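Nothing in this text is a laboratory measurement; each read-out follows from the coordinates by a stated rule. None of the values given here were measured: they were computed from a predicted structure. Cβ: placed from backbone, ideal geometry, glycine included. Neighbour counts: every protein chain shown.
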Amino acid sequence: MQFIIQSGLVGWIIIVTGVAVVALAWERARTLYFKYGLDVDAFTNKIHTLVLSKKVDEAIVACSQLKGKPLANAFKIILEKADRDDETIFQAQDIAMAETVPLYTKRLHYLSMLANVATLLGLLGTIHGLILSFQAVAQADPAQKQVLLANGIAVSMYTTALGLAVAIPAMVLFSFLTSRQNHLLEELAEKSSKLSEILTSSHISGLDKDHVYPTSNVSSTPVIPPSTGHKAS
């Protein structure tokens with residue numbers, strides 16, 4: 001506590017920044033590792049099995065039961081267009097990605113910003129302490145000059161140390177959380193693309209033109225079978 005008090009106003013601002021770093025890192029870690037956590041392989045295998053068995057309705061219900069999971073929500077958006085043409089299915093994939101990606105990326109960039117702010121605040125405190133030291137040398141009474149000079153240097157060192165003490169863990173946490181975020185995004189893109197490919201190759205009954213209106217090269221003119229009877233006499 002004495003260390004913080006000696007660092008002055010800038011030191012207290014650095015402490016507030018550190019509290020914000022802890023709160024933000026905890027929220028993002030809890031969200032990315034636990035709230036959005038999912039046994040991806042088991043879930044995707046289940047959905048793929050249902051789709052290949054033409055049980056798309058059951059697959060949508062399975063996704064709805066995992067409403068808080070972004071991957072399940074993305075699958076649900078794609079599956080709801082399973083009976084449409086290929087272009088519509090891929091459009092649904094794009095929509096699912098656009099809605100889901102921000103859930104993974106929101107607020108994490110602030111952690112990097114707070115780390116930089118803490119470093120700059122430490123530098124600001126260093127400059128403030130040096131100013132106090134120079135003022136002591138220039139203006140203070142010779143009897144007090146040494147004490148004021150030491151206090152100025154102490155403020156400079158205290159704030160520098162506090163700034164680094166906040167910035168270094170913040171950058172480490174940012175690196176770990178960014179790695180987790182990128183892993184989830186890559187997983188989302190891969191699994192969504194795989195689901196879209198399965199849907200477009202499964203030809204789910206619905207609004208597909210070739211399914212509703214099958215083409216045929218056979219002429220519509222009725223064919224009269226050859227007569228098997230005898231000619232009239």
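Of everything listed in (1) in contact (Cβ under 8 Å) with a residue 12 or more places away in the chain; (2) part of a helix (DSSP H, G or I), the single unmet condition for residue 87 is (1).
Looking across the stretch 30-63, the residues that are surrounded by fewer than 15 Cβ atoms within 10 Å (Cβ to Cβ) and touching a residue at least 60 places away in the same chain (Cβ under 8 Å) come down to 33, 52, 54.
All of 60, 15, 4 fail the test of being of a type outside the set (Phe, Trp, Tyr), farther than 20 Å from residue 189 by Cβ and in contact with a Gly (Cβ under 7 Å, 6 or more places away or on another chain), apart from 4. Condition check for residue 81 on (1) within 13 Å of residue 193 (Cβ to Cβ); (2) of a type outside the set (A, V, I, L, M); (3) in a loop (DSSP other than H, G, I, E, B): one failure, at (1).
In the stretch 181-195, the qualifying residues are those that are in contact (Cβ under 8 Å) with a residue 60 or more places away in the chain and surrounded by fewer than 21 Cβ atoms within 10 Å (Cβ to Cβ), and the one that is farthest from residue 48 (Cα to Cα) is 181.
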